[in-house]
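Q: Let me give you the structure first, and then I'll get to my questions.
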Amino acid sequence: MFSKAKIFTFGYIFFQTMTSIITGDIINSKKGSAKQWLDALKTILNRYGNSPLAWEIYRGDSFQLEVRPEDALEACILIKAAIKQFENIDVRLAIGIGEKTYQSDKITESNGSAFVNSGECFESLKKTTLAIKSPSEPFNFSINIMLELAQLTLNNWSSTSAILVKTTLENPELNQNQLAKILERTQGNISQGLKRAGFDEISKLLQYYKTQIQNLC
């Protein structure tokens, strides 16, 4: 998919690797139980690697995560669902896609255009809570319009909807009857809950995103 290139300079080898960096912070972090949302966030981040190489939490309520570009949007939606299961708090998320030209033992000390794009994207977040910046301006324009529309639903998830979306994304192999058993609800409740949460539309957005990411190669 994304290519890797080795550059030899004065006997040293630097890797140029296409990757994605998610920069985020918790909205209204002081209004919730820090232990609750922090434990939930760490559980999601651990799905994608170990700290501090793949992810790191800093300044109490800010974090960075490195994931494969094709997984970045799903990771953001999963993080959002994990955080919005708690009342009165939300999360801002910026995806930067580009190269990683320097690998440190800590993600916050690594570098490359993916990190720059993520930071610039995060700084540009105002009314929106989720956006993407890649090397392709046409892709950025179209996907960010879609994300703004998606947030009309995502930003208004109830705690119940967030838990349902989180559980569904974490267990893609399970059908609605199996999800109902995990959540101690009926299959009808699961079906209606996923409709209210806009899960079909979210799934289509994720599939579209993955297709477009492949075209960026």
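Q: For helix 34-45, what angle does its Cα long axis make with the longest principal axis of the chain, in degrees from 0 to 90 and rounded to 10?
A: In the chain, helix 34-45 runs at an angle near 60 degrees to the longest axis.
Q: Quick one: Debye curve from the alpha-carbon atoms of segment 150-205 only, equal weights, vacuum; give me log10 I(q)/I(0) at q = 0.15 Å⁻¹ to two decimals.
A: Each listed q corresponds, in turn, to -0.37.
Q: Here's something else I'd like to know. Just reorder Lys195, Lys30 by solvent-accessible area, largest first, 1.4 Å probe, all chains present.
A: If we order Lys195, Lys30 from most to least accessible, we get Lys30, Lys195.
Q: Helix 159-170 versus the longest principal axis of the chain: what is the Cα-based angle in degrees, 0 to 90, to the nearest 10?
A: 60 degrees
Q: Right, here's the next one. Name the shape class, rounded, prolate or oblate, that the alpha-carbon gyration tensor gives for segment 18-144, where a ≥ b ≥ c are the square roots of its eigenvalues, rounded holds for a/c under 1.5, and otherwise prolate holds if a/b is larger than b/c and oblate otherwise.
A: Values: a/c = 1.89, a/b = 1.30, b/c = 1.45.
Verdict is oblate for segment 18-144.
Q: Let me ask something additional. Rounding to the nearest 10 and keeping the result within 0 to 90°, find how far the Cα-based axis of helix 187-196 lies from the longest principal axis of the chain.
A: Helix 187-196 sits at roughly 60 degrees to that axis.
Q: Taking the Cβ of Ser110 as the center, what net charge do the other residues with Cβ under 12 Å away carry, scoring Lys and Arg +1 and Asp and Glu -1? Before the final figure, lay out the partial values.
A: Numbers: positive: Lys100, Lys106; negative: Glu56, Glu66, Glu99, Asp105, Glu109.
Charge balance in the 12 Å sphere: -3.
Q: Note down the Stokes-Einstein diffusion coefficient of the chain in µm²/s, whole number, using a Kirkwood radius over alpha carbon pairs, 20 °C, and 1.002 mPa s.
A: 119 µm²/s
Q: Where does each of 35-44, 55-64, 160-169 land if you order them by average Cβ count within 10 Å, highest first?
A: My ranking of the peptides, most packed first, is 160-169, 55-64, 35-44.
Q: Roughly speaking, to the nearest percent, how much of segment 112-163's 1.4 Å accessible area is carbon and sulfur?
A: Working: 1620 of 2650 Å².
The computed percentage sits at 61.
Q: Here is a follow-up. Provide, for q = 0.12, 0.21, 0.23 Å⁻¹, the log10 of I(q)/I(0) from a solvent-free Debye sum over equal Cα point scatterers in segment 80-136.
A: -0.35, -0.82, -0.89
Q: Given Cα pairs under 8 Å that are at least 6 residues apart, what percent is the relative contact order of the chain?
A: Working: 353 pairs, mean separation 45.3, N = 217.
Computed value for the chain: 21 percent relative contact order.
The values are calculated or read from the model by the stated rules, or taken from the named source; none is laboratory data. Not measured: the values here are computed from a predicted model. Glycine also receives a Cβ, built like all others from the backbone with ideal geometry; neighbour counts cover every protein chain displayed. Surface areas here come from the heavy atoms of the whole protein model, side chains and all, with no ligands, DNA or RNA. Shrake-Rupley method; radii C 1.70, N 1.55, O 1.52, S 1.80 Å.
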